[in-house]
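Reviewing the structure listed below.
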Amino acid sequence: MLPDHKALSKQHPLKKAALPPQLVIPLQQQAGGVNTPLVEVGDTVLKGQKIADSKNPVGAPIHAPSSGKIVAIDERTIPHPSGLPAACITLATDGKDTWADRAPIGNRYSELPAETLRQAIREGGIVGLGGAAFPTATKLTPTHPIDTLIINAIECEPYITCDDILTQHFANEIIRGIDILLRLLGAPHCIIGIEDNKPDAITSLQHALKAKPDDRIKLTVVPTRYPSGSEKQLIKLLTGREVPSGGLPANVGVVCQNIGTVYAIHQLVMQGNPLISRLVTITGEGVRNPANLEVLIGTPIHQLIEACGGYQENTGQLIMGGPMMGFTLEHDQLPIVKASNCILVTPKTPEIKQEIPCIRCGACEAVCPAQLQPQQLLWYSRSGEHEKAKKHNLFDCIECGCCDYVCPSHIPLVQHYRYTKSEIKTREQEMAAAEIAKQRFESKTKREEALAQEKEDRLAKKRQQLEKKTKEQHTDGGTKQDAIQAALARVKKKKDAQDAPKVTEPASEPATNPTDDTPTPQTAAERAAAAAKRRAEKKAQQSPATNPTDDAPAPKTAAERAAAAAKRRAEKKAQQSASTNPTDDALAPKTAAERAAAAAKRRAEKRQSSAHRGPS
Amino acid sequence: MHFQSAMSPHTRSAAHTGTLMKNVLYALVPGVLISTELFGWGVLINLAIACVTAIVAEAVVMKLRRRPVAPALLDYSALVTACLLALSLPPIAPWWIPVIGVLSAILVAKHLYGGLGHNPFNPAMVGYVVLLISFPRELSQWPAPGDMLTHTLSVTETVRFLFTGILPETVRLDGITMATALDYTKTQLRLGDDLATLASHDSYGWLGARGWEWVSLGYLLGGLWLLYKRVISWHIPVAFLGSLLLVASLFALIDSTYFSPPLFHLASGGVILAAFFIATDPVTASTSPVGRLIYAAGIGVLVYVIRAWGGYPDGIAFAVLIMNLAAPTIDHFYQPRTFGH
């Protein structure tokens, strides 16, 4: 089975990381609402002061981890799989660590309504500390009645021990935190799930439960088996209930909270401390003295490595998170964020074994916690059979990496699934967009036809009337001429009036230049193809980096395929709209092609970011 | 300081396809030793010829396909194919029999379909069927078990016979060959004999075909070791042997004078070898657990049907190939339930 390597970081005691001269605090550290800064450069802030928030109820504000002065609010690289920069507040600490006024709820929590507690948790900036960083207040607003609160102390990823250490030190606080949550949720039961490789933490919890007996809380020790800590798998393990695909734990009457989150809630309620620090495991064979540190959010990683004795001689990868689901960082000048549970430095690996063909041995299927058939999904992913991949429930894959780990052919299965998932999503979005565009185009054509018909009818009627009139007045020459003139003028005026609103529409503009209509879509198609090619080439460049022994032809073909597909798509779209109404003023094809190009661009950007995003 | 970037997971187990295949080869050892003891040096010589042919064919074809040769040889799949085919052949078959068989297996059944992992049919069984249809005489000349021979061929005599067809002067071909129990039973039953009179024939042993019982035991030992090492799962051997036993018992109950007893079926021919080593080829078998049960049960039934009513004394190769054909359909219908569905 998976070796746990946990002893490594448990050999040194928990300590507090030194206060760094500068803290870089990303504005966005959670799912949900986008935070905007509440401070300006030059402001002095106190420890625990709210410095960024959003109006979205799903969200979590950001607080100053220490006292000092805001020196910058700008884009900086943050620890994210995409490696892209994002808005950050930089705080120069003053060394005094002066707290802002805190107003802890204290023991009154048992009398307060749930909504007040929930609001306090949101205001305290608390998010899930297990790695997903989902706003806790939202998770504590279940859509269904909850009978069981599950506390996730599994920590199944190898190397990581921060929850273990936290539990050993703060078991009493955690039990109090559970009481707060049970009251908030009105749930009658709580199960603490913990793996049997944490005997000290288990003892601590048992002592805490003995000191303060609470028959609502049950401690369940489960065998060490990755990925038991995955939410849905844990619920099944502890309660036997299976969260339906696409559903939430609340669907089966359960809410899950990471044990670190419970401690953070305790600190907030009892001490008034917002979430400004967390325990981080600094470990791996590439670090001299692996340990667990209490770290302020925003502390640069290199300072933590230094606090742990620096790097060993031959370092390979710098990983945020565990070896199974973490993501690599290119350098250590990045801050710790709320979701950072572990910094893992691996030794330089001699050589990655070459990938060989899948023999469908089924080792992956045997270990898949989602009970998927990875071997079949690989087949469909490779051949681009998206419907079959979906039918084999590709989207139930939690990207835990078990299949990859056991694969005797060394196939990067999870990479294939991530890629196919994003392909399918993009295609579905495109199709939805195309459908809307088609509907809009058709209704516009209908509208215009109706208008034209109406005009025609009116003109015909007028003409008839006029002819009738002319017949009647055929002796009176002068009046006749005048009448014709007048009628023509009226018709012209009416026509102008009808055309006028159309002129204001950008739609009719290309009509003035009818020769323009073919080149534009073609250029757009070409543009889309070029963009796709660039994108694919970039991907190809990236993938050899990720797997240097990988053979070149595959990415190249993938690049060509992507480019060709984009071109085909764009051309088809252009053709479609052109052929629907060949006499049309060329606006539609142009917009369609442009849309395709824009979609390709959007997609490219999105894929770039999503390709790197680790499973959360 | 700059670090390598990569996608998760960042760690891998030491498992390797080559190791799996090597384990399969190791697991064949007891059966091979017993086979050699009973049927002479031809067993080992056949194996050697087949292995050399397989390595050369694999290397050449990979070169022609402009793919790396070393990984293909180091996955040991070609050797497994060669050994399984060689062990299915009569140990006194001339040298070109294993050569043609292995070439058919590696070139046609494996690489024409795209190489390792892409072949729909079990390469060893394709090779065997090609030989069975093309050279029925060579394929039916089985040596008599050693304990029945007055003269056992030495290594040099065997090599000479396999490569030139010349036997020592004192030995005649029908002196060293004997119809297998399956073959004999089929022929005699057609002639109207009943089983009770046949059972006293020399080709019958204490359980199944004479000598074959011991060879089967050897393969069973290796197969159990493969199960223990988790190279194979229990589904295929259990379903294959189970269905064969079931059908054989049923018909033996109906008419025990015409239908051989169920244990005779298990201990004769290549049943045990096929149940643990051939039908378990993951590339050509069904891939889901339920699918594997159906797939293997199908093989068991087909083996019985061919043995009881078909034109060949043993039906394993055809049964396996037919079920290979059905495997994708079985997989299509027996997709296991996904978590949360």
Report task. Filter segment A:415-425 for residues that are more than 7 Å from chain B (Cβ to nearest Cβ) and out of contact with any Phe, Trp or Tyr (no Cβ under 7 Å at 6 or more places or on another chain) and give the result. Result -> A:H416, A:Y417, A:R418, A:Y419, A:T420, A:S422, A:E423, A:I424, A:K425
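Residues checked against (1) under 28 Å from B:R67 (Cα atoms); (2) at pLDDT 95 or above:
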residue: B:P98; (1), (2): yes, yes
residue: B:A109; (1), (2): yes, yes
residue: B:G117; (1), (2): yes, no
residue: B:P123; (1), (2): yes, yes
residue: B:L131; (1), (2): no, yes
Query raised in the report: Which residue pairs have Cβ atoms closer than 6 Å, lie 6 or more positions apart in sequence or on different chains, and pair a first residue in segment B:1-30 that is at the interface with chain A (Cβ under 7 Å from one of its Cβ atoms) and touching a residue at least 40 places away in the same chain (Cβ under 8 Å) with a second residue that is hydroxyl-bearing (S, T, Y) and part of a loop (DSSP other than H, G, I, E, B)?
Result: B:T17/A:S409
Query raised in the report: Name the residues in segment A:319-361 that are under 30 Å from B:I236 (Cβ atoms) and either of a type in the set (S, T, N, Q) or out of contact with any Pro (no Cβ under 6 Å at 6 or more places or on another chain) (or both), would you?
Result: A:K353, A:Q354, A:E355, A:P357, A:C358
Query raised in the report: Is it fair to say A:D214 is surrounded by fewer than 21 Cβ atoms within 10 Å (Cβ to Cβ), more than 23 Å from A:S340 (Cα to Cα) and over 32 Å from the mean Cα position of the chain (by Cα)?
Result: yes
Report task. With the checklist (1) under 21 Å from A:G246 (Cβ atoms); (2) under 22 Å from the mean Cα position of the chain (by Cα) in hand, flag the one item A:E430 doesn't pass. Result -> (1)
Report summary line: Within segment A:320-348, the count of residues that are at the interface with chain B (Cβ under 9 Å from one of its Cβ atoms), in contact with a strand residue (DSSP E or B) (Cβ under 9 Å, 6 or more places away or on another chain) and more than 18 Å from A:P85 (Cα to Cα) comes to 8
Query raised in the report: Which one of these is surrounded by fewer than 23 Cβ atoms within 10 Å (Cβ to Cβ) and more than 30 Å from A:H63 (Cβ to Cβ): A:G401, A:G316?
Result: A:G316
Query raised in the report: For residues in segment A:186-210 being of a type in the set (D, E, K, R) and under 20 Å from A:Q257 (Cβ atoms), which is nearest to the chain's Cα centre (by Cα)?
Result: A:E195
Requested in this report: Take segment B:24-50 and flag every residue that is surrounded by fewer than 20 Cβ atoms within 10 Å (Cβ to Cβ) and at pLDDT 95 or above.
Outcome: B:L25, B:Y26, B:V29, B:P30, B:L33, B:L44, B:A48
Report task. Using the structure shown, decide if A:R225 is surrounded by 20 or more Cβ atoms within 10 Å (Cβ to Cβ) and out of contact with any Lys or Arg (no Cβ under 6 Å at 6 or more places or on another chain). Result -> no
Report summary line: Within segment A:328-364, restricting to residues that are surrounded by 21 or more Cβ atoms within 10 Å (Cβ to Cβ) and under 30 Å from B:P282 (Cβ atoms), the one that is nearest to the chain's Cα centre (by Cα) is A:C364
Query raised in the report: Restricted to segment B:52-93, and to residues that are surrounded by fewer than 16 Cβ atoms within 10 Å (Cβ to Cβ) and of a type outside the set (K, R), which residue is nearest to B:A27 (Cα to Cα)?
Result: B:V52
**Report entry** Residue list for segment A:227-238, restricted to those being within 14 Å of chain B (Cβ to nearest Cβ), touching an Asp or Glu at 6+ places or on another chain (Cβ under 7 Å) and not in a helix (DSSP H, G or I)
**Finding:** A:S228
Query raised in the report: Which of (1) in contact (Cβ under 8 Å) with a residue 60 or more places away in the chain; (2) within 7 Å of chain B (Cβ to nearest Cβ); (3) in contact with a helix residue (DSSP H, G or I) (Cβ under 8 Å, 6 or more places away or on another chain) is the odd one out, the single condition A:E399 does not satisfy?
Result: (2)
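The values are calculated or read from the model by the stated rules, or taken from the named source; none is laboratory data. These numbers were taken from a predicted model, which means no experiment stands behind them. As a convention, Cβ positions derive from the backbone with ideal geometry for all residues, glycine included, and neighbour counts pool all protein chains shown.
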